[in-house]
Amino acid sequence: MLWPGSGQQLPRSVCSLPCQPGERKKTVKGMPCCWHCEPCTGYQYQVDGYTCKACPYDMRPTENRTGCRPIPIIKLEWGSPWAVLPLFLAVAGIAATLFVVVTFVRYNDTPIVKASGRELSYVLLAGIFLCYATTFLMIAEPDLGTCSLRRIFLGLGMSISYAALLTKTNRIYRIFEQGKRSVSAPRFISPASQLAITFSLISLQLLGICVWFVVDPSHSVVDFQDQRTLDPRFARGVLKCDISDLSLICLLGYSMLLMVTCTVYAIKTRGVPETFNEAKPIGFTMYTTCIIWLAFVPIYFGSNYKIITTCFAVSLSVTVALGCMFTPKMYIIIAKPERNVRSAFTTSDVVRMHVGDGKLPCRSNTLLSIFRRKKPGAGNAK
């Protein structure tokens with residue numbers, strides 16, 4: 001006897017066949033012995049013959065969806081292609097910074113080093129060095145120590161750099177504003193005063209970091225949402241420091257405030273004499289840095305590699321500062337030593353570019369001759 005669709009094989013006298021592993025039974029209404037088989041989808045696994053249930057947030061279903069297994073945890077590796085370029089930039093930047101420091105120490109008493117304000121230059125170089133070194137902390141495996149150091153040095157390096165630049169531009173601005181009203185020197189322009197102002201600005205950043213540690217102690221977390229794909233086979237947990245996007249913006253917010261303030265002073269001092277050689281490099285540094293950080297914000301929030309984006313933004317901004325502030329000076333020291341003379345770094349006898357000496361400006365003979373009264377009978381002696 002031939003059966004439809006089965007040839008000579010006797011058909012099974014059942015309403016529904018058993019479901020496969022990872023499928024649940026959905027009974028047909030009015031027919032309790034019949035059912036449809038529905039697969040468990042997404043992050044669900046089969047609990048029993050009739051129920052699918054979602055796995056815990058840190059787990060994913062097995063291949064046959066009869067249970068759950070832990071989601072693999074990943075972190076940014078030193079050998080990752082995404083880490084190579086930031087690390088190269090950091091190593092090159094640290095080498096260049098140390099070269100500038102060694103050169104400045106060797107030529108510490110030459111006019112160009114004095115004219116650059118030795119004390120603040122060394123503070124600025126220290127901030128630049130910390131910013132480059134932060135790249136290694138950002139890529140290192142997140143743990144309690146690493147996450148704590150990230151909080152400290154990411155914002156501290158930038159605040160040191162921009163506090164030094166702000167103090168420089170503020171001093172230039174006050175010197176020339178005072179020169180418009182009086183021949184007396186403005187207050188707080190000595191090296192000690194400049195360092196005191198700079199470290200006062202830096203101390204505010206340190207105070208904020210200390211408060212942050214008290215309110216929210218540092219620790220590492222595994223983020224299972226960042227790379228939670230539709231297909232659970234490709235889901236990964238990301239090991240990272242517990243620093244939210246808002247916390248990062250607040251951490252860098254003070255440095256950005258210093259940056260904006262420094263830019264305002266750079267705009268105000270853009271018309272100072274050409275020989276006042278600190279004003280224009282600072283101005284160009286701040287304009288470029290503002291562009292970098294304006295581009296950073298949308299890229300950061302739209303990127304899946306926020307650590308790499310932050311490393312690039314920090315390294316590029318201090319690279320601009322290092323290049324603009326110190327490359328011309330290094331060129332003169334190494335390639336043009338004949339230009340490393342005191343006369344090249346004075347605006348006139350009125351305002352000397354001996355930045356940081358705190359001495360009262362001297363009146364030039366030229367200016368005095370304008371106001372000096374001619375003695376009666378002078379030049380008419382017979």
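The values are calculated or read from the model by the stated rules, or taken from the named source; none is laboratory data. Predicted model, so just to flag it, every value in this text is computed and none were measured. A quick note on method: Cβ atoms are made from the backbone with ideal geometry, for glycine too, and the neighbour counts reach across all protein chains shown.
Figures for the structure shown
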{"read-out": "Selection from the range 40-52 of residues that are surrounded by 14 or more Cβ atoms within 10 Å (Cβ to Cβ) and part of a strand (DSSP E or B)", "value": "44, 45, 46, 52"}
{"read-out": "Unique residue being surrounded by fewer than 17 Cβ atoms within 10 Å (Cβ to Cβ), more than 16 Å from the chain's Cα centre (by Cα) and either in the same structural domain as residue 292 (by TED's automatic domain parsing) or in a helix (DSSP H, G or I) (or both) when the list is 164, 192", "value": "192"}
{"read-out": "The one condition in (1) part of a helix (DSSP H, G or I); (2) farther than 17 Å from residue 212 by Cβ; (3) among the β-branched types (Val, Ile, Thr) that residue 272 fails to fulfil", "value": "(1)"}
{"read-out": "Some residue of the range 218-237 being touching a helix residue (DSSP H, G or I) at 6+ places or on another chain (Cβ under 8 Å) and surrounded by fewer than 14 Cβ atoms within 10 Å (Cβ to Cβ)", "value": "yes"}
{"read-out": "Qualifying positions in the range 294-304 - out of contact with any helix residue (DSSP H, G or I) (no Cβ under 6 Å at 6 or more places or on another chain) and either farther than 22 Å from residue 239 by Cβ or not hydrophobic (A, V, I, L, M, F, W, C) (or both)", "value": "294, 295, 297, 298, 302, 304"}
{"read-out": "Which listed residue, of 58, 143, is among the charged types (D, E, K, R) and assigned by TED's automatic domain parsing to the domain that holds residue 225", "value": "143"}
{"read-out": "Those residues of the range 296-322 which are over 12 Å from the mean Cα position of the chain (by Cα) and not hydroxyl-bearing (Ser, Thr, Tyr), in sequence order", "value": "298, 299, 301, 302, 304, 320, 321, 322"}
{"read-out": "Among the candidates 93, 117, 67, residue that is among the small types (Gly, Ala, Ser), buried (at least 21 other Cβ atoms within 10 Å of the Cβ) and more than 16 Å from the chain's Cα centre (by Cα)", "value": "117"}
{"read-out": "Sole residue being in contact (Cβ under 8 Å) with a residue 40 or more places away in the chain and of a type in the set (Gly, Ala, Ser), chosen from 157, 145", "value": "157"}
{"read-out": "Residue within the range 225-234 that is under 24 Å from residue 258 (Cβ atoms) and not in a helix (DSSP H, G or I) present", "value": "no"}
{"read-out": "Subset tally (residues that are out of contact with any helix residue (DSSP H, G or I) (no Cβ under 8 Å at 6 or more places or on another chain) and of a type outside the set (D, E, K, R)) for the range 313-341", "value": "5"}
{"read-out": "Members of the range 249-301 found to be of a type in the set (Gly, Ala, Ser) and either surrounded by fewer than 16 Cβ atoms within 10 Å (Cβ to Cβ) or closer than 21 Å to residue 131 by Cα (or both), listed by number", "value": "253, 255, 271, 283, 295"}
{"read-out": "Residue list for the range 105-120, filter: touching a residue at least 40 places away in the same chain (Cβ under 8 Å) and either among the small types (Gly, Ala, Ser) or in a helix (DSSP H, G or I) (or both)", "value": "111, 112, 113, 114, 115, 116, 117, 118, 119, 120"}
{"read-out": "Residue that is within 30 Å of residue 222 (Cα to Cα), touching a helix residue (DSSP H, G or I) at 6+ places or on another chain (Cβ under 9 Å) and among the hydrophobic types (A, V, I, L, M, F, W, C), where the choices are 165, 130, 125", "value": "130"}
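Matching residues to (1) of a type in the set (A, V, I, L, M, F, W, C); (2) more than 26 Å from residue 166 (Cβ to Cβ); (3) modelled with pLDDT under 50; (4) in the same structural domain as residue 107 (by TED's automatic domain parsing):
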{"position": "285", "(1), (2), (3), (4)": "no, no, no, yes"}
{"position": "313", "(1), (2), (3), (4)": "yes, no, no, yes"}
{"position": "330", "(1), (2), (3), (4)": "yes, no, no, yes"}
{"position": "352", "(1), (2), (3), (4)": "no, no, yes, no"}
{"position": "373", "(1), (2), (3), (4)": "no, yes, yes, no"}
